[in-house]
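Scroll down for the structure; my scribbles are underneath it.
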Amino acid sequence: MRPEPDDESGVYWEGLARHQVILQRCAVCAATRFPPMPSCPECGAEGGSPVESAATGTVYSFVRVHRAFSAEHAADVPYTVAVVELDERCRMLGRIVDGQPAAIGDRVSPAFADHEDWTELRFRVCAAPGPDDSEDRRVGADAGRDPAEAGRDPAEAGRDPAEGGR
């Protein structure tokens, strides 16, 4: 399905056709934003200037799609769609290329998928967080818990397992 550019997004889609990612930057507060819009969500100033981005960033969130939404996309599953926080501090949505696995915190770089009459921005996982990465990226029941306590019954938190009993 081909996207329909509007007045604000036309520059973005034209950039993708040249394999460039174009964001908007506020002339007043210098915040970078996506999607393009008539005014800055940070300070409210009208307008914005196009600025090219390297489109590198970090996976903020993702979902793995296992069921095709239509017969024409049955060969595409499974695939991953990620919310990427770009190094410019704005977020974009895109598919991860080639069925690569993704995790929160993975570093990504842009990949461009040329279709018949439009270009899609996708992302390629280029590095996973290293063992020295101190940011807690756990999700689910263990999020925010002391790593030493992860997976243990919260009622047992803080107790020495060697002591046994309650």
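Each value in this text was obtained by applying a stated rule to the coordinates, not by laboratory testing. The structure presented is a predicted model; accordingly, all values stated were derived computationally and were not measured. Cβ sites come from the backbone with ideal geometry, for glycine too, and all protein chains shown count toward neighbours.
For the stretch 64-121, what class follows from the C-alpha gyration tensor (a ≥ b ≥ c being the square roots of its eigenvalues): rounded when a/c is under 1.5, otherwise prolate if a/b is larger than b/c, else oblate? In terms of gyration-tensor shape, oblate. Seen from Arg124, the other residues with C-beta closer than 14 Å to its C-beta sum to a net charge of 0, counting Lys and Arg as +1 and Asp and Glu as -1.
For Leu121, Leu23, which order do you get if you count the other beta carbons within 10 Å of each Cβ and list the fewest first? Fewest to most other Cβ atoms nearby, the residues stand as Leu121, Leu23.
Per-residue packing, averaged as other Cβ atoms within 10 Å, sorts the ranges 101-107, 35-41 into the order 101-107, 35-41, beginning with the highest. Most tightly packed first, judged by the mean number of other beta-carbon atoms within 10 Å of their residues, the peptides 70-78, 110-118 read 110-118, 70-78.
What the phi angles of the stretch 102-118 give under the Karplus curve with 6.51, -1.76 and 1.60, with θ = phi - 60°, is a coupling list of 9, 9, 4, x, 4, 7, 10, 10, x, 9, 10, 10, 7, 9, 3, 9, 6 Hz, glycine and proline written as x.
By the gyration tensor of its Cα atoms, with a ≥ b ≥ c the square roots of the eigenvalues, what is the shape of the stretch 10-128: rounded for a/c under 1.5, prolate for a/b over b/c, or oblate?
prolate
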